[in-house]
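Trainee: The structure under discussion is supplied below as structure tokens; questions concerning it will follow.
The values are calculated or read from the model by the stated rules, or taken from the named source; none is laboratory data. Everything numeric in this text was worked out from a predicted model, so none of it was measured. Virtual Cβ from ideal backbone geometry, glycine too; neighbours counted across all protein chains shown.
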Amino acid sequence: MSTAARRWHRPEVQSLSIFDLDLDGAPLWQRLGQPRVDSLRAAKASENEIGAELATTTLAAIEALRGRHRFERVFLGGGLTLLDGFVGRVRDAANGSIEICRDGAFVGERGGRALLDDASDCLVADVGQTAIKLSARGQRLVRERDLALLPLELIDPGGAPPRPQPRRLERAAEFIGGAIGAFGSRGDRLVLALPCPLDDACIPGPCTYGWQGEARLVAAILERTRLEPSEVLVLNDAELAAETALASRAAGSPAGPLLVLTLGFGPGAALVAATDA
């Protein structure tokens, strides 16, 4: 991997794998994610009905997770929070305990900029399962994943680890690195968030890109940007959302444990431990 890249991991932030959490007999990603939205739209549900259903499911998921992790507050973000009726339904039920990020799919932008002190050469690339969200110099861009070229590889929690697929790795690296390179500038400082678990060497865990265990992933992405970034911080996408939650917190205010929940293709989460300030 490029010596410019390093794994960023705040000690008090723990990413949580919740996509397969059982909620009323179904895995959470089927109940709370873009596939559920698509199925409701296909059934001719109104946008307000869809937003209300996902809000109800979000609240149920929060309560299920609260029993496991004992958090006090919730920071909620992601593109699905912008569905009609979603915010109002959640706020009515939350009694002030849930903060909803106004930036929708760009929930990681503020946190990424904060990691690099809001530097003018900061580029935030938040890679999702179906799109990349890019932010730099006051500009935003969403680059959609071509599912014909990079089909979704659904994760089987109880199955055998997938075999390495070099062609998929190269295509994913070209998609991500190419998007970053087209948007950024040479020498940018880059925050790169990936939608999967990451070890300390930035080796990825499972996700729908099928790159589990590919030690070359980050290096391959950076090569294809052709930007030669001066600094690269690599983290999980839910960890990046947690950085936004921390950056949004009033300076000097003590806080109890916080659940960060992101809603996109599927739900992601991170737990922020209690802090004194």
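Trainee: If a residue counts only when it is out of contact with any strand residue (DSSP E or B) (no Cβ under 7 Å at 6 or more places or on another chain), which strands (runs of 3 or more DSSP E) contained entirely in segment 46-165 have at least 1 such residues?
Mentor: In segment 46-165, 139-144 are the strands (runs of 3 or more DSSP E) which contain 1 or more residues that are out of contact with any strand residue (DSSP E or B) (no Cβ under 7 Å at 6 or more places or on another chain).
Trainee: When segment 1-43 is examined, which residues are found to be aliphatic (A, V, I, L, M) and assigned to a strand (DSSP E or B)?
Mentor: ALA5, VAL13, LEU16, LEU23, ALA26
Trainee: How about segment 241-265: which of its residues are in a loop (DSSP other than H, G, I, E, B), of a type outside the set (D, E, K, R) and modelled with pLDDT under 90?
Mentor: Pass one, segment 241-265, residues in a loop (DSSP other than H, G, I, E, B): 249-254, 256-257, 264-265.
Subsequent filtering for residues that are of a type outside the set (D, E, K, R) retains 250-254, 256-257, 264-265.
Across segment 241-265, the qualifying residues are ALA250, ALA251, GLY252, SER253, PRO254, GLY256.
Trainee: Specify which of the listed residues (GLY177, GLY187, GLY205, GLY210) is surrounded by fewer than 24 Cβ atoms within 10 Å (Cβ to Cβ), at positive phi, under 20 Å from the mean Cα position of the chain (by Cα) and not aromatic (Phe, Trp, Tyr).
Mentor: Sole residue among the options that is surrounded by fewer than 24 Cβ atoms within 10 Å (Cβ to Cβ), at positive phi, under 20 Å from the mean Cα position of the chain (by Cα) and not aromatic (Phe, Trp, Tyr): GLY210.
Trainee: For segment 45-56, indicate whether the set of residues that are β-branched (Val, Ile, Thr) and surrounded by fewer than 19 Cβ atoms within 10 Å (Cβ to Cβ) is non-empty.
Mentor: The answer is yes, given that some residue of segment 45-56 is β-branched (Val, Ile, Thr) and surrounded by fewer than 19 Cβ atoms within 10 Å (Cβ to Cβ).
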